[in-house]
1. Counting each DSSP H run of 4 or more residues in the chain as -39500 (n - 2.57), what helix-only mean residue ellipticity at 222 nm follows after dividing by all residues, to the nearest 500 deg cm²/dmol?
2. Taking the Cα centre as origin and putting +1 on Lys and Arg beta-carbons and -1 on Asp and Glu beta-carbons, what dipole magnitude results for region 118-268, to the nearest 20 debye?
3. Taking a ≥ b ≥ c as the square roots of the Cα gyration tensor eigenvalues, with a/c under 1.5 meaning rounded and otherwise prolate when a/b beats b/c, else oblate, which class fits region 78-176?
4. Any idea how far the Cα center of region 234-269 sits from the one of region 36-86, in Å?
5. Cα gyration tensor of region 26-75, axes a ≥ b ≥ c as square roots of the eigenvalues: rounded (a/c below 1.5), prolate (a/b > b/c) or oblate?
6. Please give me the summed charge of the neighbours of L200: other residues whose Cβ is under 12 Å from its Cβ, Lys and Arg +1, Asp and Glu -1.
7. Using only alpha carbon pairs under 8 Å that are at least six residues apart, calculate the relative contact order of the chain and give it in whole percent.
8. For region 42-104, take N as its residue count and report Rg(C-alpha) divided by 2.2 N^0.38 Å.
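FYI, it's all coordinate maths here, none of it is from the lab. Just so you know, these numbers come straight off a predicted model, no measurement behind them. Here Cβ is always computed from backbone atoms with ideal geometry, including for glycine, and neighbour counts include all displayed protein chains.
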Amino acid sequence: MIAKDIQFSEDNQELIKPILPGLPISVFYTTFHEDTYNCINWHWHEAFQYCLVTEGTVDFLLPNTSYHVRSGDGIFINTQQVHFARGKSGVPSSYLCLDIPPAFIYPDERSRLFQKYIRPVIQHPYPQILLLSRRQKEDQQLLSAIQKIQTLLKEQPDEMELDIHAGIIWIWKLTYHLIRKNGGAPLVEVNDNDRLKVILQYMQDHFYEKITLDEIASQLSISRSECCRFFKKASGQSIFSYLNNLRINKSIDLLKDPDISLSDIANAVGFCSQSYYTDCFRKTKNITPKKYRELTLRKPKNVLPLDIGNSR
């Protein structure tokens, strides 16, 4: 499994980068490829997320459950929901993603917009996801509206910002109707979502240290064995497999600096030795960190123009 490196904010949520200054939504393509990455590891964020699969099939995983979304279909992922996405090995797959911070829709939490149309969706128990089918009229309207936002960003017509804001409100109106109609997918146990976040956040905060299973389990006041069973069941991978992958991704930026030795990098991200770091890096990225550094430093340093909504 080769995971996409995720940038986190200070409160350990995924850092969502606005597509344009002063316009706090994000639109991008995620393309899974054997030469880059085939999954986006467990994470969460404040933004509502809409994903439209444009090629192949993408698996979206929540604690203890998964959804297979085919080309032309989509998924809505609620705020603060821990999730994971992966493409099928050896098969091209991609999806268009729209991230909308809830605050973009309403002026403040005292407003009728928030109280009537946002709060019921984000409060517990809330729908973790909505599956969107191209074969259902209302779902198709929503999927088309997502594509229209991307088109506006690419073409940048006059009064684009007003058109985008109107489009976002329309998207939320359709979402609200669908949630009231079918209530979303069966609920993931709220405690499982919160428990998984606690473990993930602890590893984000302490990845550079020598972390023991006892320390991780103590965050939830459970036994070592229960901690391992829960994480494996909820995420589909072992705790230390996730931790090693996290450390390797954290080392990528350090590898771009030729003045930092591999030994120092291994130590900085929490590996016990350079040899173990190299072995884990090779198994995860199919290349050694030394070779990765050489290839990275050879790339031209000029910056290409931004292609809005093109890739993540």
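1. -13000 deg cm²/dmol
2. 860 debye
3. It comes out oblate by the Cα gyration axes.
4. One Cα centre to the other: 24 Å.
5. rounded
6. Here the count lands on -1.
7. Worked out over the chain, it gives 18 percent.
8. Here the answer is 1.10, to two decimals.
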